[in-house]
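This report refers to the structure that appears directly beneath it.
The values are calculated or read from the model by the stated rules, or taken from the named source; none is laboratory data. Keep in mind it's a predicted model, so treat the numbers as computed, not measured. Ideal geometry is used to build each Cβ from the backbone, glycine not excepted, and the neighbour counts take in all protein chains shown. SASA here: full protein model, heavy atoms, side chains in, ligands and nucleic acids out. Shrake-Rupley method; radii C 1.70, N 1.55, O 1.52, S 1.80 Å.
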Amino acid sequence: MPTRPIRTRFAPSPTGLLHVGGARTALFNWLYARKHAGTFVLRVEDTDHSRNTEEAKQIIIDGLHWLGLEWDEGPQKGGSYGPYYQSERHSIYEEYLKRLEKGGHLYEEKGAIRFRSPREKVIVEDLICGKIEFDLTNPGTHPDMTLRRPDGSWIFHFVNVVDDIEMQISHVIRGEDHLSNTPKHLELYKALGTEPPLFAHTPLILNRDGSKMSKRDLGANLGTYPQEGYVPEAVRNYLSLLGWSPKDNREILDTAEVIQLFELHNINRRSAAFDVDKCFWMNGQYLLHMDLARYTELALPFLEKAGITWESWEMLERVLSIVKPKIKSLPDLPDWVRCFFSDDFPYDEAAVAKNLSHPDAKNRLEALAEALLLLNPWEATPIEARLKETASRLGVKAGELVHPARVAVSGRSVGAGLYEMFEILGREKTIKRLLAGTH
RNA sequence: GGCGCGUUCGUCUAGUGGUUAGGACACAGCCCUCUCAAGGCUGGCGCACGGGUUCGACUCCCGUACGCGCUACCA
């Protein structure tokens, strides 16, 4: 078989959302193209007019952008094999239909154009599933497929094959839901006298309980990921491990590594269940290890949405730097940092009841405030030392000072390291809140 | 119903005839510790079932069950 340039494609139809399964299919196509210095094509299969809206198309484009899967040819990008919307390719389909017509492969039935199956056994050589034989000899079980409806609109199987031929696609990497369609597609390639692409059918993504993932199921809609605080590089990593594995027990892999290790034949044949917990964990790992600049960039929308404002970028970064190691998800951020940017933050009732209602709380916090009044320099380490001195002078454990202090200063019983919080908050506010917290 | 694909801890997976069946998430306990995380350690949890083949099956074959997909003038 002559080798041809590697060209893969993602061919979604605009349904109004980018399904996580589709996103993974796109990822695999993108990975394969990148690994082999090939071309990744985005083609929008918008033959169904009722679903073909601008918003629906934009959702696909936004989703792929967010995941970082840049296409080399397609909408907004162009290329020599366009147009990349099926709705704009009528004349091409007409041409191919004529070719089939000339070959005597077509007939008309109630205004619809149908393809007369040669009624043969068809072998699919799949890069993932292996060799599979389909028996299409019985018209009762495998009726001839329709290519065009009476109203002139096209059927998926036909345009999909035509476009893959026209766009010189070398590898069709798609969901396993198309495996049973493949022999029909092969009939079309043969009738058209064209060498078919290589096929690789990836198993589907299911819910945790093994049921199929519909658009409303948890994690199914990629469009919800950004607002839930997922970061693209983490999701890319997680998705690449759904059905594929580097086989060396490693899981945190950056994209460059995945590209290097990725092999179609290493893709599992069994379907994978989407595990939100693990995706969340992996996201946390990325959040934990990423640099502060990137973290800040990702944090911004969440802070803005919560109405938090900051006086200086430096202050913002200082706050984020002490909270970052402690927090697992971006949407939690506002509650953790509000007390640094405003005096108007809520006091958690349970925390107050537990830590500030002690009869000695007032005296202890006053003692602490006094001890810190003239501390110099105002930094975490000396603050810690001074707090511990105060605790022992009072004859209590450090925790009995720490916990009430944290609530007095932040309104909450959980948060960043207390001494760092004091340092960043500044002496004036710290002392003021220590004293106010006892009233 | 027919056809196709699949079945290793709850989940993602490693494993390709001989392993105490390994790792990760989640879960439990412990350590660390100012809370929360992170990290470390420990623990419980698995080869769907039944037949073969073989000296020996998680690994190979057949069947059953179950799951998913296709079976459209959806994509």
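A crude spin-label estimate for the pair A:Trp281 and A:Thr15, with each label 7 Å from Cα along the Cβ direction, gives 2.9 nm.
Computed on protein heavy atoms with a 1.4 Å probe, the accessible areas place A:Thr255, A:Thr141 in the order A:Thr141, A:Thr255, largest first. Atom-type composition of the exposed protein surface of the stretch A:1-53 places 55 percent of the accessible area on carbon and sulfur (1.4 angstrom probe).
Number of Lys pairs in the stretch A:168-318 with C-alpha atoms less than 27 angstrom apart, excluding same-chain neighbours closer than eight positions?
Lysine pair count for the stretch A:168-318: 7.
Surface calculation, 1.4 Å probe, protein heavy atoms: A:Arg34 sits at approximately 70 Å² accessible.
So for the stretch A:89-202, averaging the separation of alpha carbon pairs under 8 Å that are six or more residues apart and normalising by length, what relative contact order in percent results?
28
The alpha-carbon of A:Lys388 sits under 12 angstrom from the alpha-carbons of these aspartates and glutamates, leaving out residues fewer than 8 places away in its chain: A:Glu400.
Per residue, how much accessible surface does chain A expose to a 1.4 Å probe? Answer in Å², no decimals.
48
Please tell me the relative contact order of the stretch A:349-436 in percent, rounded to the nearest whole number, where contacts are Cα pairs under 8 Å and at least six residues apart.
Once divided by the residue count of the stretch A:349-436, the mean separation gives 39 percent.
Taking the DSSP beta bridges with both ends in chain A, the antiparallel portion is around 50 percent.
Take every Cα pair under 8 Å whose residues are at least 6 apart in sequence, average their separation, divide by the length of chain A, and the relative contact order is 13 percent.
Length gained on full extension, A:Asp254 to A:His90, computed as 0.36 nm times the residue gap minus the Cα-Cα distance: 54.9 nm.
Taking the Cα centre of chain A as origin, work out the dipole magnitude from +1 charges on Lys and Arg Cβ and -1 charges on Asp and Glu Cβ, in debye rounded to 20.
Value, rounded to 20: 660 debye.
Out of all Cα-Cα pairs in the stretch A:292-439, roughly what percent, to the nearest whole number, are more than 23 Å apart? Roughly 34 percent, rounded to a whole number.
Between A:Lys77 and A:Leu435, the FRET efficiency from the beta-carbon distance, with R0 = 45 Å, is close to 0.15. Counting only DSSP H runs of at least 4 residues, each contributing -39500 (n - 2.57), and dividing by the residue count of chain A, the helix-based mean residue ellipticity at 222 nm comes to -13500 deg cm²/dmol.
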